[in-house]
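Asker: Sharing a structure here in structure tokens format.
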Amino acid sequence: MVWERLDRRAFLAGGMYTALPTAGAALITGYWLAVGSTVGTALAWVLPAFVVITAAGAASGEWMWRVTSYRVDAERFHVHTGVVFRKRLALRRVRIRSVDLTADPVLRMLGAVTVRVGTGEKAGAEGTVTLWPVRRASAEALRTTLLAHAARPDADGGADPADGSLARFDRGWIRFAPLSFLTPALGAAAGGGALQVAEWFGMQQRVFDVVGSWFGLAPVLLVALALAVALLVVGGVATLALWVETWWNHTLDRQADGTLQVRRGLLTTRSITLEESRLRGLEVVEPLAARLAGGARVDAVATGLTTDDEDKTESRTLLPVAPKELADEVAAKVLRESAPPTSAPLAPHPEAARGRRLRWALGTVLAVEAVVLVLGALLTPVLLHVAWISALVLFPVGVALANDAYRALGHTLTGAYQTGYLVARSGTVRRATVALQRRGIVGWTVRQSWFQRRAGLVTIVATTAAGTGAYAVRDAAEADGLALADAAVPGLLLPFLVSADAEQEVAPLS
């Protein structure tokens, strides 16, 4: 097999990566130098630095092109890189789980992409390879070759009616974008950043005076509320921009070669491929704010997905937050089911589970209020007023969330062992309904705290090689939970149940 190289224009890509941010810094630096001296002096300092830094970036791209080569043979994917410290990597093709293509604006201008080949191991392991930059046509051909082992046995026998488009981007989904925890977080970050910049220039007090003049003699609570709303608006705009950049032009397709392909992105495009044979189920996630608006997203439960921190959630998201009905419909299409398992009727959990959630919620609120009261007694009486005012809000909210969390609890089994699913739902701030293939369950963990034993409850955790590795049925009745585990995977839990029964029979004789 012939050894291939990266895109010959790697030097150009490297130069552009350094030139663009350096140009912005050069303009700012040149302006301040020109204010203190002359334009000529500013150019004399700024231009040589700009040229040197840009040339260094171009040189790094040229170096990558010269020292990196790759090829694919019948069994392995080989990558050679380095000169002084040489690295020779060979991945077995049957172990390759993902081939993702990413193109930022610079690479899109050049018609190139970054190729990331992974075996599902953690970031930094020898099982992950990144090639930058590669021509898009070459990258697509490389992905097809590396994932050829994922093809269905009947792929050559004709088109499957289930192949093709499973979901297409709808601009109506944008309404769910601001309904995220990122909205208040980005709003608070924007407010803090503005104050920090004002402090750098010695204008923080002036900012406070200007804001104070806007409200005159208005009550402090009204001013705080108005500022909070303003920060939420800023955070909402920032979240919306981030969502559009990430999910614009989203598509979900089933390919004839036995893979699911997700394409998305506005400025930086990304193409993610998932082998259907690695799919062990799906998770329909409903964040609280999006759920109140009728939204949910669909995540894959699959083996071999990248497990690093970078984009680890979005790399397994098949559908961003969209209407709940559409999420269930897409889940059914992906799993090749006539009806979505994630919308199956669920068995409720005992009332004792509600009591546990009420105690958690009220205990959390009491702990927060106790801290505020102590600080108020030690620091300022203002916090004492904050404590009773916040208690009036937090206690009802805590009770409402606890009741909602109890109503979310449920579980069921669908179908036979080979084709059915374990379906479990829990959560309120993040309500998740998982449909896990019963044949994908490799073990059970039974958890029962002292309080659960007194209440007759048990948490059953299904362990699997896919997704997060463990999915829990929380606070089920003890008999129901054990029966569920035994029925989901017949025979797996039976030896332990028999041992427990034998111990109970022998106990009275001792």
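Asker: Taking the square root of 5 times each eigenvalue of the Cα gyration tensor, what semi-axes in Å does the equivalent ellipsoid of the stretch 337-421 have, largest first? If you can, show how the numbers build up before the last one.
Answerer: On the way: eigenvalues 371, 25, 20 Å².
Taking √(5λ) for each Cα gyration eigenvalue gives 43, 11, 10 Å.
Asker: I need the helices of the chain that pass two filters: whole DSSP H segments spanning 20 Å or more by Cα along the axis, and mean Kyte-Doolittle score no lower than 1.6. Don't jump to the answer; show the numbers that get you there.
Answerer: Numbers: long enough: 10-36 (39 Å, 1.19); 39-67 (41 Å, 1.20); 182-200 (26 Å, 0.77); 220-247 (40 Å, 2.25); 351-378 (41 Å, 0.96); 382-408 (38 Å, 1.42).
For the chain, where a helix must reach 20 Å along its axis and average at least 1.6, the hits are 220-247.
Asker: If every alpha-carbon in the stretch 232-358 counts as one equal scatterer, what log10 I(q)/I(0) does Debye give at q = 0.13, 0.15, 0.19 1/Å?
Answerer: -0.64, -0.82, -1.17
Asker: Using only C-alpha atoms and all pairs of different ones, pull out the Kirkwood radius for the chain in Å with one decimal. Walk me through the numbers before you get to the answer.
Answerer: Values: mean 1/r = 0.0365 Å⁻¹.
Final number for the Kirkwood radius of the chain is 27.4 Å.
Asker: Heavy-atom accessible area per residue, the stretch 266-407, 1.4 Å probe: how many Å²?
Answerer: On the way: 6680 Å² over 142 residues.
With all protein chains present, the stretch 266-407 gives 47 Å² per residue.
Asker: State to the nearest 20 debye the size of the charge dipole of the chain about its Cα centre, where the only charges are +1 on K and R beta carbons and -1 on D and E beta carbons. Mind dumping the intermediate values first?
Answerer: Values: 51 positive and 44 negative charges, 157 e Å.
So the dipole magnitude of the chain works out to roughly 760 debye.
Asker: Same structure again: Return the FRET efficiency for the residue pair Arg88, Thr463: r is the Cβ-Cβ distance, R0 is 35 Å, and the value is rounded to the nearest 0.05.
Answerer: Working: r = 36 Å, r/R0 = 1.03.
Calculated value: 0.45.
Asker: Still on this structure: Put a dot 7 Å past each Cα toward the Cβ at Asp404 and Trp388; how far apart are the dots in nm?
Answerer: 2.9
Asker: How much of the accessible area of the chain, probe 1.4 Å, is carbon plus sulfur, in whole percent? Kindly include the intermediate steps, with their values, before the conclusion.
Answerer: Values: 17690 of 26910 Å².
Using a 1.4 Å probe with all protein chains present, the chain comes out at 66 percent carbon and sulfur.
Asker: Using a basic spin-label model with each label point 7 Å from the Cα along Cα→Cβ, how many nm lie between Ala56 and Leu240?
Answerer: Spacing of the two 7 Å Cα→Cβ label points: 4.0 nm.
Asker: Ala44 label point, 7 Å along Cα→Cβ, cut-off 17 Å on backbone N: hits in the stretch 10-36?
Answerer: 30-36
Asker: What does the accessible area per residue of the stretch 20-69 come to in Å², with a 1.4 Å probe and no ligands, DNA or RNA counted?
Answerer: On the way: 3230 Å² over 50 residues.
Heavy-atom SASA per residue in the stretch 20-69 reads 65 Å².
Asker: Could you tell me which residue out of Thr38, Val117, Val94 lies farthest along the dipole of the stretch 1-153 toward its positive end? Charges go on the beta carbon: Lys and Arg +1, Asp and Glu -1, centred on the Cα centre.
Answerer: So the residue we want is Val94.
Asker: For Asn249 and Val397, FRET efficiency with R0 = 30 Å and r from the beta-carbon atoms, rounded to 0.05?
Answerer: The calculated FRET efficiency here is 0.20.
Asker: Something else now. If the viscosity is 1.002 mPa s and the temperature 20 °C, what Stokes-Einstein diffusion coefficient in µm²/s follows for the stretch 1-153 when Rh is the Kirkwood radius over Cα pairs? Walk me through the numbers on the way to the answer.
Answerer: Numbers: Rh = 17.6 Å.
Value of D from the Cα-based Kirkwood radius: 122 µm²/s.
Asker: On to the next question. Which chymotrypsin sites (Phe, Trp or Tyr not before Pro) in the stretch 57-149 pass both tests, a DSSP loop state and at most 10 other beta-carbon atoms within 10 Å?
Answerer: Values: sites: Trp63, Trp65, Tyr70, Phe77, Phe85; in loops: Phe85.
Loop-located and lightly packed - Phe85.
Asker: Given a Förster distance of 22 angstrom, what is the FRET efficiency for Val368 paired with Trp450, based on the Cβ-Cβ distance and rounded to 0.05?
Answerer: Efficiency at R0 = 22 Å is approximately 0.30.
Asker: Once the piece of chain linking Leu195 and Gln418 is laid out straight, how much longer is it, given 0.36 nm per residue of separation minus the C-alpha distance between them? Write out the running numbers ahead of the final one.
Answerer: Details: separation 223, 0.36 × 223 = 80.28 nm, distance 5.92 nm.
Net length gain for the segment: 74.4 nm.
The values are calculated or read from the model by the stated rules, or taken from the named source; none is laboratory data. Bear in mind that the values here come from a model prediction, so they are computed numbers and not experimental data. No Cβ is skipped: glycine too gets one built from the backbone with ideal geometry, and neighbour counts run over all protein chains shown. These accessible areas exclude ligands, DNA and RNA; they are computed on the full protein's heavy atoms, side chains included. Shrake-Rupley method; radii C 1.70, N 1.55, O 1.52, S 1.80 Å.
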